[in-house]
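First comes the structure, then the notes that go with it.
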Ligand code: SF4
């Protein structure tokens, strides 16, 4: 009987046929459908229920927390927002608090002056344009001050359960290093990943990739001997071909 690795290898070689001359080939993953299915199946066994760590009590506080988390750790943001959200968990209450007081609550977070300004401005915009409700589409979310595409993706996924791919430094690195989604910009990588990741794994894929990057495929030196996809990985940087045992890991912080 053929092993799953043999079957996967066969599907790699059959998918690596040269393309007819003159035909434009889109930048794409180095992995076949079968390999992608297997990679994300293994990630799903390792971490069945990955979760974001940013504390929030409703979609509004989630938008604020994500906007505050740029260039800051989730733990640092949580420390500041616990007290802030206890007094202001709606756009109206945030506005009533005012910029100066918001600044006091978040002064332990980097870029707090600018972020306090944005929190007030986005609260005002939610009241003026969205009936105090956080919108569900990316197009609307990015109109809020301090909310870029990455923040919008996190909010859509965490608040509304819409699968998205917020490309951070870990996903940017893995996309290129592992040749999963070779791309120059976060938008390019996002587009490829959204296209190639099997739909039934898409919702958690974002967290799986970040955790894989943070704890295994690390920036300075990937720890390939601890990697569950070492046999499938096509990175020129990999140092081991034998996959680590596939077991569920204890919860890890994003
Ligand atoms: S084998 Fe090494 S380079 Fe490849 S994904 Fe695993 S840790 Fe990263």
(message) Which of 40, 203 has the fewest other C-beta atoms within 10 Å, and how do the rest follow up to the most?
(response) 203, 40
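Based only on other Cβ atoms within 10 Å, what is the fewest-to-most ordering of 194, 165?
With the sparsest Cβ surroundings first, the list reads 194, 165.
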(request) Give me the distance in nm between label points sitting 7 Å out from Cα along the Cα-to-Cβ direction at residue 218 and residue 139, one decimal. (result) 4.4
(message) With n ≥ 4 as the cut-off for DSSP H runs, can you work out [θ] at 222 nm for the chain, using -39500 (n - 2.57) per run divided by the number of residues, rounded to the nearest 500?
(response) -16000 deg cm²/dmol
(request) Please list the equivalent ellipsoid semi-axes of the chain, computed as the square roots of five times the alpha-carbon gyration tensor eigenvalues, in descending order and whole angstrom. (result) 39, 20, 15
(request) Report, in degrees rounded to the nearest 10, the 0 to 90 angle that the Cα long axis of helix 33-46 makes with the longest principal axis of the chain. (result) 60
(request) Measure nothing fancy, just the Cα-based angle from helix 186-196's long axis to the longest principal axis of the chain, in degrees from 0 to 90, nearest 10. (result) 50
(request) Mind running the shape call on the stretch 101-152? Use the C-alpha gyration tensor, a ≥ b ≥ c as the square roots of the eigenvalues: rounded below 1.5 for a/c, prolate if a/b tops b/c, oblate otherwise. (result) oblate
(message) Looking at the chain as a GNM with Cα springs under 10 Å, which of 213, 76, 146 has the largest mean-square fluctuation?
(response) 76
(message) Going 7 Å from the Cα of residue 71 along its beta-carbon direction, which residues of the stretch 142-170 have the amide nitrogen within less than 19 Å of the resulting point?
(response) 145-152, 167-170
(request) For the chain, with a Gaussian network of springs between Cα atoms less than 10 Å apart, report the residue from 242, 167, 147 with the top mean-square fluctuation. (result) 242
(request) Work out how much length residue 160 to residue 41 would gain on full extension: take 0.36 nm times their residue separation and subtract the Cα-Cα distance, in nm to one decimal. (result) 40.5 nm
(request) May I ask for the angle, rounded to the nearest 10°, between helix 149-160 and the longest principal axis of the chain, with both axes built from Cα atoms and the value confined to 0 to 90°? (result) 90
(request) Using 0.36 nm per residue of separation minus the Cα-Cα distance, give me the extension gain between residue 101 and residue 28 in nm, one decimal. (result) 21.5 nm
(request) Summarise the long-distance tail of P(r) for the stretch 59-160 by giving the % of C-alpha pairs beyond 22 Å. (result) 19
(message) Cut-off is 10 Å between beta-carbons; in what order do 173, 113 appear when sorted fewest neighbours first?
(response) 113, 173
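Rule-based calculations on the coordinates, nothing more; no lab input. Only a predicted model underlies this, so the values are computations on that prediction, with no experimental measurement involved. Methodologically, a virtual Cβ is constructed for each residue, glycine included, from the backbone with ideal geometry; neighbour enumeration extends over all protein chains shown.
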